[in-house]
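Reading through the C-alpha cells given below for one structure.
The values are calculated or read from the model by the stated rules, or taken from the named source; none is laboratory data. In this text, all values refer to a predicted model and were calculated from it rather than measured experimentally. Every residue, glycine as well, gets a Cβ built from its backbone with ideal geometry; the counts of neighbours run over all protein chains shown. Areas reflect the complete protein model, heavy atoms only, side chains present, ligands, DNA and RNA absent. Shrake-Rupley method; radii C 1.70, N 1.55, O 1.52, S 1.80 Å.
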Amino acid sequence: MKYKTIHTAEPFTAHPGKAIRMSDFSQALGFLFLGACAAFALFFLGSILYFVIVRGAPAISWEFLTSAPRKAMTQGGVAPAIVGTFSLTLGAIAFAFPLGLACAIYLTEYSPKTILVNIIRLSIANLAGIPSIVFGLFGFAIFVKVFGFGVSMLSGSLTLGIMALPGIISASQEAILAVPQSYKEASLALGATHWQTIARVVLPSSLPGILTGVILNVGRVAGETAAIMFTAATFYTRGYPDSIFSEVMALPYHIYALMTEGTHPESQTLIAYGSSLILLTLVLVVSSLAIILRQRQRRVYGL
Amino acid sequence: MRHFRETIYKWIFSVLAFASLLFLTGIILTLFVESYPFFVRHDISESIFGLYWYPTYDPPEFGMLTLITASFVVTLGAMVVCIPIGVGTALFLQELASASQRAVLKPLIEILAGIPSIIFGFFGMIVVAPFLQRLLGIPTGLNAFTASLVLGIMATPTVASLAEDAVSFVPRSFREASLALGANRWQTLTRVVVPAAGSGISTAIILGIGRAVGETMVVLMVAGGAAVIPHSIFDPVRPMTATIAAEMGEAVMGSGHYGALFAIGLILFFITLAINIVAEIISRRFRLKLGLGR
Amino acid sequence: MDCDVKIRARNIDFYYRRSRALKNISLDVLKKRVTALIGPSGCGKSTFIRLFNRMNDLIPGARVEGQILLDGFDIYHPKTDVVSLRRRVGMVFQKPNPFPKSIFDNLAYGLTITDVRDKEFIEHKVIDSLKKAALYNEVKDRLHDNALMLSGGQQQRLCIARCLAVEPEVILFDEPAASLDPISTRKIEELLLELKNEYTIVIVTHNMQQAARVSDYTAFMYLGELVEYGDTERIFTVPKEKMTEEYLSGKFG
C-alpha cells in the first residue's frame, strides 16, 4: 500500500516504552521459518531436476533415442523402452478412459441416492489409496496367471488402467459438475431427453476439463514402476513388441534395472541418467500441459 | 422407442459404474485367495510378530515384524521431513508469497508432485546416498535415514499442495476479524487460520503418510534392503513394499513364500485402507466445521 | 469544537489498480457520537471506513492519498504501528465472523494476542464485554460451546463483544445488520445507542431508516464522492443537495 501525504502530525504507537514487541519478534522468526521451508523444498526438488538434466543431457543423442540397447546394456539406446512406455500408457488410458467417463456420468447424472451408489463412491476413494505394488500383485495374480495373458503389454496396461481409474473418475466428475445447471435446464426445457442433454450439452462443455484430468493421469501412469514390474516389464528385449501379448521394456523399469542389475555400473549409470531425463521430460511436459490447461479453464468458469 | 433408449443408456452406465467396486473386491479377494495357503500353513500371529524373514531357508521363516517395523520407521522418518516442510511451504504460499509468486509456485509444486517415484529412487541412490555416506562417515548411504529423507521430500509437494488448499478454504472473514482486533499476521496465521484449517491440514498429512507407506521404488532402491530390525536410523532396512517388489520375481507360485508376499500385500492393503478412512472422516468434519457442506 | 474531532479525514483519494474509488473526501468524525455513512451500493462507503483501521492494506494494488488523523496523529504515517492502531479502532463486519472456537475463546482472543496471561482478568473481561453487548444472559451457561452454534444475530453481538473486549476508542460498523432478520437488527441498533456513550461509532448502512434511527450525523456518498454531510435530522428533513433528496426519497439507489 503506497501513500502520498504531507506529514504534519507525529506518528503514534500504543507502546511508547517498548522498542520491539514480543509478538513482532515471533512473527519475524516464524516467517523466516516458513521461508526456509519453501526454500528447502524448492532446493531439493530443484536439485533433482538439475542432476538429471545436467548428467542426463550428455547421454542423449539421436542414436540413444532411436536404437535398441547393445552389448549387455552398456551401449546403444532406449528406443524399445520409449515405445514400451508409450504403448503401455496408451493401452491403460484406452481401457480406463471410457470406463472412468461412464462411471463419472452415472455418478453425476443418473445416480439415485442409494446405499449402492455410496458404496461405489467409497470403493473409488479406496481404490485411489491402494499402493501401486498391490495393484501389481493383483495384476500378476489375475491377468498374468488366471487369465493367462502372461507378462505382457496387455496385463500391464490393464493393471495400470485400473490404477488410473479413480483419478480419471474424479477428474471427470469434477468437470461434469462444473457445467452450470442452467445449461442443462435450458436443454431439458427445449424438450431434449436426459441422454440428449448429456451427450449434446453436458459432455461437450465438460470435455476440456475431462481431458485435462485424463492427461494429468497419463503422467502418473507413464512414470509408474511397481505396478508393471511383474505384469509387463522386462529388462531386455531384442526388438519392439509385436503383439499385445509380448513383454515390453519400459523407461521406469529400465532405470531400475540399470541401477540394480548388470555388471557395468559406469556405463549403465550414464544410460540410466539419459533414460531418467527422457522420462522426466515426458512426464513433466504432460503434467505441465494439464495444469496450464486447467488453470485456463478455471479462469473461463470463473473458479 | 425414445423412452426405451433412455433406459438402455441408464443401464449401460450403471453397469459400467460398478467397475470400481468390482476391481476393489477383486483386489481384496485376490489378496485373500493367494495368501490363504500361507495362512493355513503358518500361524498368523507367529508370522506377523516373528522377527526372522528367511523365506528361502529350509525350513523357511516368515517373520514379518522386521518388514512392518521397517515400513513404520521409514514412514515416520519421512513424516518428520515432510510435515514441517510441506505445511511450512503451504503457509508460505498462503501468507508470504505475493500473488505473482503464488501464481508460479502453486502450479510448480503440483508439477513436482508428478515426478515419478523411480526418479526419486534413482536420485536417492546415486546422489543422496553417496553424499550422506561421505558427509556422515557411515558404512552405507543406503539406509533408513536416506530412504526417509528422499521419501519425505517426495511426499512434500503432495502435502504442501493439499495443505495449501485447506488453508485457502479458510474464509477471509476469519483473517479480517483477527487483524481488526489488533493481531499481527503471524498471530492470525497460527491462532486463527491454522486451527481453522487444522483438520484439512491433517487430511493432507494423512494422505502424505498413505503415499509414503505405499511407496515402493524409493525404498526398494534406497533403504538398503536388510531384513533385520534396525538398531539405528542409519541401518539398512527392508520395508514391506520393497520386499514384495524384490522377491516376487523369484517366489515359486503357490509356495509359502509366494503366499507370504501376498499376505504382506494384504497387510499393506488394510493399512492404507485404514489411512484412507481416517482421512475421509477428518476431511468430512473439516467441511462441516467451516460450513462448506459436503 | 475542534477538540471533539476523533477522526479527521483530509482530501482522501483511494485508488484500486487504475480506478479511483474515492474522490477527495474530507470528513470529521466527532467523539462519542454515531456517524452514519449512507449511499447506494458501490458508492465507496465501506472502502472509506476500512481506511480508518487500515484494513485496505490487505488489498493488493490499493493506494491512498490524503491524510487521516486519529486524535491528530496521522494513521498513514510510515512509522504508524498498524497493530496498535487496530486495537484503538475496532471493527464489526457485515457478515458475523466469529472464529470457529468457543464463545469464551473468541472473546479472550484479543487479550491473549497481547500476552495477557492473568486468567482472572481475562474471565472478568470476557463476562463484562458479553454483558455490554447484551449477550451474557443468553450464553452464560455455554461459554465453552462453539461460537458457530449461535444464531446469526447472536453471532453478530458476539463479534461486537469481541471487539469491546479489546477496549477500542472507535468502533467501525460495516453494515452490521445487513445479513440479519428484523428482530436481531433491532437488538443491534439498541446496542449501538447504548455504546455511543462510551465509544466513537462510525456505521455504514444502506438502510436509510437505520441511519435515521441510530446516528447523530449522516454522510451521504455517491460514486466515490461525499455529497453531503451534516446533522442527521437536518439531512433527512432539509437536505441541501438535490442528489441527497432524490436518494432519500427513493428515486435511485
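Based on what the data block shows, is A:S182 small (G, A, S) and more than 26 Å from B:L21 (Cβ to Cβ)?
Numbers: small (G, A, S): yes; more than 26 Å from B:L21 (Cβ to Cβ): yes.
It is true that A:S182 is small (G, A, S) and more than 26 Å from B:L21 (Cβ to Cβ).
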>> Need a quick list: helices (runs of 4 or more DSSP H) entirely within segment B:92-153 having at least 1 residues that are closer than 18 Å to A:G219 by Cα.
In response: B:99-112, B:117-123
> When segment C:1-58 is examined, which residues are found to be more than 17 Å from the chain's Cα centre (by Cα), of a type in the set (D, E) and assigned to a helix (DSSP H, G or I)?
Replying inline: C:D2, C:D4
> Are any of the residues in segment B:48-69 modelled with pLDDT of 90 or more, in a helix (DSSP H, G or I) and not β-branched (V, I, T)?
Replying inline: yes
> Are any of the residues in segment A:205-223 surrounded by fewer than 22 Cβ atoms within 10 Å (Cβ to Cβ), farther than 19 Å from A:I93 by Cβ and in contact with a helix residue (DSSP H, G or I) (Cβ under 6 Å, 6 or more places away or on another chain)?
Replying inline: no
> Applying the selection to segment A:91-144, what residues are within 7 Å of chain B (Cβ to nearest Cβ), β-branched (V, I, T) and open to solvent by less than 30 Å² (accessible area, probe 1.4 Å)?
Replying inline: A:I105, A:I120, A:I124, A:I130, A:I133, A:V134
> In segment A:258-283, what residues are at the interface with chain B (Cβ under 7 Å from one of its Cβ atoms) and touching a residue at least 60 places away in the same chain (Cβ under 8 Å)?
Replying inline: A:S276, A:L279, A:L280, A:V283
> Checking A:F245 against (1) closer than 30 Å to A:I133 by Cβ; (2) part of a loop (DSSP other than H, G, I, E, B); (3) free of Cβ contacts under 8 Å to residues at least 24 places away in the same chain, which single condition isn't satisfied?
Replying inline: (3)
>> I'm trying to understand the selection: among the residues of segment A:114-164, which are part of a loop (DSSP other than H, G, I, E, B) and touching a residue at least 40 places away in the same chain (Cβ under 8 Å)?
In response: A:P131, A:F149, A:G150, A:V151, A:S152
> Would a scan of segment C:112-119 turn up a residue that is away from chain A (no Cβ under 14 Å) and out of contact with any strand residue (DSSP E or B) (no Cβ under 7 Å at 6 or more places or on another chain)?
Replying inline: yes
>> If B:V104 meets every condition in (1) out of contact with any helix residue (DSSP H, G or I) (no Cβ under 8 Å at 6 or more places or on another chain); (2) surrounded by 20 or more Cβ atoms within 10 Å (Cβ to Cβ); (3) not aromatic (F, W, Y) apart from one, which number is that one?
In response: (2)
> So, of the residues in segment B:133-190 that are within 28 Å of B:E280 (Cα to Cα), free of Cβ contacts under 8 Å to residues at least 40 places away in the same chain and open to solvent by less than 20 Å² (accessible area, probe 1.4 Å), which turns out to be nearest to the other protein chains (Cβ to nearest Cβ)?
Replying inline: B:F174
> Restricting attention to segment C:81-129, which residues are open to solvent by 10 Å² or more (accessible area, probe 1.4 Å) and among the hydroxyl-bearing types (S, T, Y)?
Replying inline: C:S102, C:T112, C:T114
> Can you spot a residue in segment A:184-200 that is out of contact with any strand residue (DSSP E or B) (no Cβ under 9 Å at 6 or more places or on another chain), in a helix (DSSP H, G or I), closer than 21 Å to A:I291 by Cα and open to solvent by 50 Å² or more (accessible area, probe 1.4 Å)?
Replying inline: no
> Given the structure, is A:M229 facing another protein chain (nearest Cβ under 9 Å) and assigned to a loop (DSSP other than H, G, I, E, B)?
Replying inline: yes
>> Let me confirm something: among A:F25, A:F64, A:F12, which residue is open to solvent by less than 30 Å² (accessible area, probe 1.4 Å), modelled with pLDDT under 90 and either more than 7 Å from every other protein chain (Cβ to nearest Cβ) or part of a helix (DSSP H, G or I) (or both)?
In response: A:F64
>> Being hydroxyl-bearing (S, T, Y) and either surrounded by fewer than 12 Cβ atoms within 10 Å (Cβ to Cβ) or in contact with a strand residue (DSSP E or B) (Cβ under 8 Å, 6 or more places away or on another chain) (or both) narrows it down to one residue among B:S45, B:S20; which is it?
In response: B:S45
> What is the residue count in segment B:86-101 for residues that are open to solvent by 20 Å² or more (accessible area, probe 1.4 Å) and either within 21 Å of the chain's Cα centre (by Cα) or of a type in the set (K, R) (or both)?
Replying inline: 1
> If you check C:V166, C:V64, C:V170, which single one turns out to be closer than 30 Å to C:S26 by Cβ, open to solvent by 10 Å² or more (accessible area, probe 1.4 Å) and β-branched (V, I, T)?
Replying inline: C:V166
> Looking only at segment C:59-77, which residues are assigned to a strand (DSSP E or B) and at the interface with another protein chain (Cβ under 7 Å from one of its Cβ atoms)?
Replying inline: C:A62, C:R63, C:V64, C:E65, C:G66, C:Q67, C:L69, C:F73, C:D74
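Quick grid of which residues meet (1) open to solvent by less than 40 Å² (accessible area, probe 1.4 Å); (2) facing chain A (nearest Cβ under 10 Å):
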{"residue": "B:A197", "(1), (2)": "yes, no"}
{"residue": "B:G208", "(1), (2)": "yes, no"}
{"residue": "B:E215", "(1), (2)": "yes, yes"}
{"residue": "B:H231", "(1), (2)": "no, no"}
{"residue": "B:R238", "(1), (2)": "no, no"}
{"residue": "B:A245", "(1), (2)": "yes, yes"}
{"residue": "B:A260", "(1), (2)": "yes, no"}
>> Out of C:I160, C:I171, I need the residue that is in contact with a Pro (Cβ under 9 Å, 6 or more places away or on another chain), among the hydrophobic types (A, V, I, L, M, F, W, C) and touching a residue at least 12 places away in the same chain (Cβ under 8 Å). Which one?
In response: C:I160
> Here are B:L273, B:L220: which of them is surrounded by fewer than 17 Cβ atoms within 10 Å (Cβ to Cβ), modelled with pLDDT of 90 or more and at the interface with chain A (Cβ under 9 Å from one of its Cβ atoms)?
Replying inline: B:L273
